[in-house]
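Below is one structure, written out as structure tokens, with a few remarks after it.
The values are calculated or read from the model by the stated rules, or taken from the named source; none is laboratory data. Model, not experiment: these values are computed from the prediction. Because the Cβ atoms are built from the backbone with ideal geometry, glycine has one as well, and the counts that use them run over all protein chains shown.
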Amino acid sequence: MTPQDLPPLTVVTTRDSDGVLVAVSGEIDMENAEVFRTALLAAMDDGPAALRVDMSGVAFCDSMGLKALLAARNAAVQAGAAFDIVAVSSQVEHLLDVVGLPQTLHADGANEAGGPSDTR
């Protein structure tokens with residue numbers, strides 16, 4: 001699969017009584033990771049109790065996408081909000097496992113130190 005074959009990035013943000021869900025599909029790479037990061041951080045603007053990220057539709061994610069996820073997680077922890085990746089594609093699951101981040105990315109909002117608080 002070449003980069004031209006990958007679907008474009010789509011980010012949909014919805015708010016509910018539990019917080020914010022950011023659903024992402026397509027590819028996340030160095031060319032559009034800032035769009036992803038901006039959407040994640042903007043989801044925190046209203047001070048939700050939780051930021052949930054659905055990456056089940058992501059076909060490709062590089063290190064810039066991971067950097068965006070970490071920035072969003074850190075922003076959620078600093079705001080006292082929970083952060084969780086609620087669904088992942090097999091590609092994202094593999095990437096998170098390879099770099100050792102699955103547990104690190106979950107935060108329950110009460111963990112002020114910013115370290116891992118729980119597992120998914």
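Have a look at Val58, Val35, Val53 and point out the one that is modelled with pLDDT of 95 or more, within 23 Å of Ala79 (Cβ to Cβ), outside any helix (DSSP H, G or I) and not charged (D, E, K, R).
One residue alone meets the criteria, Val53.
Of the conditions (1) out of contact with any strand residue (DSSP E or B) (no Cβ under 9 Å at 6 or more places or on another chain); (2) at pLDDT 90 or above; (3) over 19 Å from Leu66 (Cβ atoms), Thr13 fails just one. Which one is it?
Going through (1) out of contact with any strand residue (DSSP E or B) (no Cβ under 9 Å at 6 or more places or on another chain); (2) at pLDDT 90 or above; (3) over 19 Å from Leu66 (Cβ atoms) one by one, Thr13 breaks only (1).
Which is surrounded by 20 or more Cβ atoms within 10 Å (Cβ to Cβ) and either of a type in the set (D, E, K, R) or within 23 Å of Ala81 (Cα to Cα) (or both), of Leu66, Leu40, Leu70?
Being surrounded by 20 or more Cβ atoms within 10 Å (Cβ to Cβ) and either of a type in the set (D, E, K, R) or within 23 Å of Ala81 (Cα to Cα) (or both) holds for just one of Leu66, Leu40, Leu70, which is Leu40.
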